[in-house]
Each structure stands twice: as C-alpha cells, then as structure tokens.
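The values are calculated or read from the model by the stated rules, or taken from the named source; none is laboratory data. Computed from a prediction, not measured in an experiment: that's the story for all the values here. Neighbour counts run over all protein chains shown; Cβ positions are idealised from the backbone, glycine included. Please note that ligands, DNA and RNA were not included when accessible areas were found on the heavy atoms of the full protein model with its side chains. Shrake-Rupley method; radii C 1.70, N 1.55, O 1.52, S 1.80 Å.
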Amino acid sequence: MRLLVSLSDQSFKATKSVGIFNVSLGLARALMRTPGIEELHILGNDECSETFAGVPSHVKLHRMHTPVPGGWKRLLWDQLGLVKAIRAIRPDWALLPKGFPPYCFPCGNTRLACYVHDIIWEHYEQLHPEQRQHTPFPPFELRYFRTLGLRALAKADLILTSSQFNRERFAAHIPAARTEVIGIGFDTPSAPSTLSQGSDLLLYTSPYPHKLTAQAIRWLTPWLAEHPDTRVHLIGTLPDDMAPAVSSAQWIRHGRIHRDELTRIMTTECRLSIYFSAYEGYGMPPIESLMAGLPCLASDIPPIRENIPADCLFPNSDHAAFLAKLDETYARPQLTAPLQLKTWDEIAAQTVRAMQKNK
C-alpha cells in the first residue's frame with residue numbers, strides 16, 4: 001500500500017491536552033512501523049517536520065511550507081491544496097487525521113479516509129438561538145462543518161473514529177458511511193504506581209460554551225472559599241467575561257502550555273483534575289490525568305463514560321452532587337484500576353486493516 005498522511009493543516013506548538021499531539025503525530029510514527037505499507041508520504045508543515053527527522057527510507061516527508069490554515073485558509077487547503085498534493089503523489093489511500101476530505105475536485109484513483117473525533121456542529125445546532133450567538137465559532141465555520149463537512153464525510157471511502165458515540169452520530173447523518181471505531185493510542189504506561197504529590201486543583205478551560213467553563217468556575221468558587229490554601233490551575237483559554245471571576249491569588253492562569261509543563265503541573269502541583277463538558281467526541285484530558293497519576297472528576301456524558309471509571313463521573317445538572325464528589329475525592333484521592341488503553345502500533349495496524357477491508 002502507498003499511503004499519504006496529511007498533517008500540514010495542524011498546529012503542534014502548544015496545547016492544553018498532552019494527547020492532542022498524539023492524535024496526529026503518534027499515529028504517523030506508528031504507521032512508519034506498520035506492515036503492509038510499502039511507501040508512506042507525510043505532508044508536514046514547518047511546525048511538525050522536525051518530528052520526523054531520520055525516518056526510514058520508505059517514508060517521504062513533504063514540507064508544505066504553508067502556515068497552519070485557519071478560517072477560509074482551511075477551506076482552501078481542504079479543497080484545493082490537498083487535492084494538488086494527492087494528484088502529484090498518487091497514493092492508494094490518503095489519511096487525514098482531524099481533517100475533512102476534499103469533495104469539490106477528483107483525487108484520481110486515491111481513496112480517502114478521515115480520522116474524525118466529533119461532529120461538534122450538531123451540539124451547537126441544538127442550542128437556543130440566543131446561546132448560539134455567543135459561540136466563538138464564526139457563523140461560516142459552523143456552516144462549513146455542517147454542510148460542507150457532511151458532504152466531505154459522505155465522499156470519504158472510510159471514516160475512522162475514536163468512540164462508539166461518534167459512530168452512532170455519523171450513522172444518524174450519513175447512513176451509508178463506512179465507519180470503523182479504532183479508538184486513540186497511548187504509548188506511555190496506563191497509570192503510574194504513585195499518586196501526584198500536590199494539593200491544588202487543575203481545571204481545563206475553554207471559551208467554547210460546550211466546555212462549561214463559566215459553570216465550572218461558579219461551582220468551584222464557594223468551595224475555594226472554604227479551602228483558602230488550595231489553588232486552581234487553569235489550563236486553556238477563558239471566556240472573555242470570566243477574567244474578573246478568577247482574579248484572586250487562588251486562581252492561576254496558564255493558558256495553553258507546552259505538554260512537558262502540563263505534565264509537571266499534573267504530577268507535582270495538583271491533587272485532582274476537573275473536566276467539565278457538555279459535549280465530547282472522545283474526551284482526552286481525563287484519561288491523561290489518570291495516566292499521570294492524577295485523580296480526575298469529569299462530566300458524565302456518553303463518550304467520557306466509555307473511557308474512564310464510573311466513580312470519576314459527576315452530573316452536569318447537580319451542583320450539590322458535584323461538591324459531594326469533589327469533597328470525597330479531594331479528601332481521599334486514590335488511583336483507579338489501570339485503564340485498558342491501546343498503543344499507537346495497535347491503532348495503526350487497525351487503520352491499515354480497515355483500509356484493506358474497504359477496497
């Protein structure tokens with residue numbers, strides 16, 4: 001098989017989730033070692049090309065020298081730039097981690113596979129129009145994900161995804177789609193033997209309403225008043241109007257940080273991580289917390305329920321139940337049973353088998 005993997009439309013500099021890098025880079029690395037791939041072409045931008053220095057001889061890195069596209073640039077890349085690259089290389093399959101396949105122009109005999117982890121527009125369609133006005137998604141971007149995104153996914157020969165929840169949602173919108181649930185890979189131990197030694201909380205934040213950051217801060221504020229020696233490390237970006245609510249010294253704003261620094265905060269500063277969300281396609285941060293030896297509380301929604309133990313979950317609709325779970329876990333943090341996680345080598349092998357099966 002001659003396989004092309006496109007990474008040139010993504011940024012790899014900083015993140016609020018350690019494993020987001022792995023969704024693309026980890027899979028690409030594992031594909032280099034996967035039997036059945038005679039030739040592997042990687043489309044990389046200047047941010048990620050250094051990751052693939054010294055690759056095997058059957059791997060060809062194409063440095064696209066383009067900025068990471070955003071907005072309309074992403075649309076132009078998906079529908080024009082990617083097609084041009086595919087036509088020049090002419091692989092058997094083109095695999096697009098976190099991307100949509102082109103559908104405006106033909107790609108010759110190349111078959112298209114995409115590795116997609118949510119259809120977030122579906123959640124925002126269900127919001128009240130007044131709530132929808134406050135989403136950071138530009139209107140054209142939601143229309144792209146909804147209209148062009150569905151057309152692109154319908155064009156794909158194969159959709160790879162990370163959870164059964166996603167498969168059900170794809171089937172609801174694209175009944176004829178060929179979808180394989182392959183999960184997400186991890187190449188680190190599933191859990192350390194000791195707990196994190198810190199006493200603070202770690203809270204993942206986002207300006208996007210489905211991440212429920214404003215609710216998380218409101219719910220934590222009275223608890224912090226009763227625990228004046230505890231700090232909250234805010235990882236990610238805050239909604240614009242929430243800065244005054246986290247102005248005291250108990251709130252530490254980190255923004256988007258390097259994965260090594262995030263790991264250090266997890267393992268040395270914190271006692272517990274908290275992840276609020278109304279919608280996920282998979283839910284990476286709770287798993288990363290548990291892998292780092294940091295107990296985690298996370299919203300009880302279907303895809304998160306698939307991947308972490310039930311005693312880590314709390315209902316988004318019950319403040320009192322959340323506080324009770326927080327008190328209980330903070331007072332007696334303990335390691336959960338090791339998570340049953342796949343390696344990227346297993347995911348890559350599944351990916352190749354799925355392509356071979358869908359000839």
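Key figures for this structure:
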quantity: Choice from 319, 128, 58 showing the highest fluctuation, given a GNM over the chain with Cα pairs closer than 10 Å; calculated: 128
quantity: Solvent-free Debye scattering, log10 I(q)/I(0), computed from the Cα coordinates of region 164-211 at q = 0.16, 0.30 Å⁻¹; calculated: -0.86, -1.04
quantity: Listed pairs 73/211; 73/357; 84/359; 60/211 exceeding 30 Å between Cα atoms; calculated: 73/357; 60/211
quantity: Volume in Å³ per residue [convex hull over Cα atoms, computed for region 196-242]; calculated: 78 Å³
quantity: Estimated FRET transfer efficiency (residue 143, residue 195; beta-carbon r; R0 41 Å; 0.05); calculated: 0.35
quantity: Estimated vicinal HN-Hα couplings, Hz - region 175-187 in sequence order (Karplus 6.51, -1.76, 1.60; Gly, Pro = x); calculated: x, 8, 5, 8, 10, 10, 8, 10, x, 10, x, 9, 10
quantity: Fluctuation leader among 30, 243, 348 - the chain, Gaussian network, Cα springs under 10 angstrom; calculated: 243
quantity: Charge-dipole axis of the chain as Lys and Arg at +1 and Asp and Glu at -1 on Cβ define it, positive-most pick from 149, 287, 277; calculated: 149
quantity: Surrounding net charge for residue 89, when Lys and Arg each add one and Asp and Glu each subtract one, Cβ distance under 14 Å; calculated: +4
quantity: Accessible solvent surface per residue of the chain, calculated while the other protein chains remain in place, 1.4 angstrom probe, Å²; calculated: 44 Å²
quantity: Calculated diffusion of region 208-277, Stokes-Einstein form, Kirkwood radius summed over Cα pairs, 37 °C and 0.692 mPa s, µm²/s; calculated: 255 µm²/s
quantity: Magnitude of the charge dipole, the chain, Cβ model with Lys/Arg +1 and Asp/Glu -1, debye to 20; calculated: 1320 debye
quantity: Calculated on alpha-carbon atoms, Rg and Dmax of region 213-359 in Å; calculated: 17.3, 61
quantity: Accessible surface of region 204-359, 1.4 Å probe, proportion on carbon and sulfur as whole %; calculated: 50 percent
quantity: Projected label distance in nm at residue 1 and residue 357, using a 7 Å step from Cα toward the beta-carbon; calculated: 1.2 nm
quantity: Cα-Cα P(r), region 219-259, percent of pairs per 10 Å interval; calculated: 26, 55, 18, 1
